[in-house]
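The values are calculated or read from the model by the stated rules, or taken from the named source; none is laboratory data. As the structure is a computational prediction, the values presented were derived from the model and not from experiment. Backbone-built Cβ (ideal geometry, glycine too); neighbour counts: all protein chains shown.
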Amino acid sequence: MAGSAAFEAACAELERATSLDRWAARGTLQLSLMDSGLETASVTVKQLGVVIDRVLPRQLQSAGVADASPVCARLRDVLATVDERGAAEGAEAVFSRMGA
Amino acid sequence: MGGLSLLCLILYTATSLVVSVRLIARSRRSHGVPELLMGLTYLLAPGLGYPLAVLAPALPGRELMLTALVIGEMLIVLGCSCFLLFNAKVFRPTAAWATIAASVGIAALVVGGIGVVRANMSTADFALAGERARGAMSLLLFTLGLGYAWTGIEGARYHRMLRRRLALGLAEPIVANRFLLWALAGLVSTTWNTITCYYLLTGANVMTHPVPLLATSLGGFVSAVLQVLIFMPPAWYARRVGRERSARALATA
């Protein structure tokens, strides 16, 4: 299943910035998202930014990436260029609005 | 028992009408399809359709009774169809299986609704019409029960995810709680639908048998309470949910 624009951009950059192949890069990010209660199809730039700061470094270490800091910095830079216009809203946004 | 059932029906109907008006008004401001679908669900099915279908047999004259029943069943089918579309659009917007499941569910609701109306048009004997409508009613309730089970599972799944997001500061406690209440509402409605469906299939009169009557009455009452807490939570409830979350976060820290 295709991921959100933020997820796809981060996967591509993770593959370039590390020795991980395409599937290992996607898997590492997917595990980080699962730990954070997020889904690849709907994760936003803001949410992925928090995951990169707080969850991904641990996953990168598990995946054999020695120094996660420069990798995370590159991912943050890439996220800053992602265009999220037209992205479908998630159930959380709908439920947030419906009870407000 | 009949009095209690009527009281619960009135409470559920009144709450549904208030919630539906709020949701439809909100959808006009936000142009959001999900709140429009849910608003229409509450307005058409429990707000107008159920009471019309329940009261139809008590109306004077067969013409009036049939008119009320046909309109009531149409509204129920339309409302429940909006509910299935809400499930697919909100919880599985990119999944083809969800669109197919909602479409199959809508087809089953239409078949069930037509069956109920045809059974009532076939005879003036209300008891015989009830017997003839048993299969169609069961199909309606079974489909609706599946829809409620689906939404309950999705609510529980999202509640679990939002609890993880909360730990990272990526979610609001009241929204996470809303998913939990949504899951509970799905569970409650699945339960009363299943009980009523079971008694229908075993040949009992669900309008007089105490078990399905109690199940629908309690189900209606609890659903009304959950609707209020989900869609228009009182300030004290929102504060309490926020406080509990803060206390839990402090304990974890």
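Are any residues in segment B:12-35 under 24 Å from residue B:188 (Cβ atoms), within 11 Å of another protein chain (Cβ to nearest Cβ) and either buried (at least 22 other Cβ atoms within 10 Å of the Cβ) or not charged (D, E, K, R) (or both), and if so, which ones? Across segment B:12-35, the qualifying residues are B:19, B:23, B:34, B:35.
With respect to residue B:117, determine if the residue is touching an Asp or Glu at 6+ places or on another chain (Cβ under 8 Å) and in contact (Cβ under 8 Å) with a residue 24 or more places away in the chain. Criteria met by residue B:117.
Here residue B:225 fulfils each of the conditions (1) within 14 Å of chain A (Cβ to nearest Cβ); (2) modelled with pLDDT of 95 or more; (3) more than 19 Å from residue B:86 (Cα to Cα) apart from (1). When residue B:203 is tested against (1) more than 14 Å from chain A (Cβ to nearest Cβ); (2) in contact with a Pro (Cβ under 6 Å, 6 or more places away or on another chain); (3) surrounded by fewer than 18 Cβ atoms within 10 Å (Cβ to Cβ), exactly one condition is not met: (2). Exactly one residue out of A:85, A:74, A:54 is of a type in the set (Lys, Arg), more than 29 Å from residue B:152 (Cβ to Cβ) and surrounded by fewer than 16 Cβ atoms within 10 Å (Cβ to Cβ): that is A:85. Looking across segment B:87-101 at every residue that is among the small types (Gly, Ala, Ser) and touching a Lys or Arg at 6+ places or on another chain (Cβ under 9 Å), the one that is surrounded by the most Cβ atoms within 10 Å (Cβ to Cβ) is identified as B:98.
Give B:147, B:169 a once-over and let me know the one that is out of contact with any strand residue (DSSP E or B) (no Cβ under 9 Å at 6 or more places or on another chain) and on the phi > 0 side of the Ramachandran plot.
B:169 is the lone residue from the list that is out of contact with any strand residue (DSSP E or B) (no Cβ under 9 Å at 6 or more places or on another chain) and on the phi > 0 side of the Ramachandran plot.
If you go through segment A:6-32 and keep only what is among the aliphatic types (A, V, I, L, M), in contact with a Gly (Cβ under 9 Å, 6 or more places away or on another chain) and within 23 Å of residue B:157 (Cα to Cα), you end up with A:6, A:29. Looking across B:128, B:144, B:139, one residue alone is more than 14 Å from chain A (Cβ to nearest Cβ) and surrounded by 20 or more Cβ atoms within 10 Å (Cβ to Cβ). It is B:144.
Quick one: is residue B:182 in a helix (DSSP H, G or I), in contact with a helix residue (DSSP H, G or I) (Cβ under 9 Å, 6 or more places away or on another chain), within 12 Å of chain A (Cβ to nearest Cβ) and hydrophobic (A, V, I, L, M, F, W, C)? Considered against the rule, which asks whether it is in a helix (DSSP H, G or I), in contact with a helix residue (DSSP H, G or I) (Cβ under 9 Å, 6 or more places away or on another chain), within 12 Å of chain A (Cβ to nearest Cβ) and hydrophobic (A, V, I, L, M, F, W, C), residue B:182 comes out as yes. In summary, helices (runs of 4 or more DSSP H) completely within segment A:1-95 and bearing 2 or more residues that are facing another protein chain (nearest Cβ under 10 Å) and more than 10 Å from the chain's Cα centre (by Cα) occur at A:22-36, A:45-54.
Residues in segment B:156-170 that are in a helix (DSSP H, G or I), among the small types (Gly, Ala, Ser) and at the interface with chain A (Cβ under 9 Å from one of its Cβ atoms): B:167 alone.
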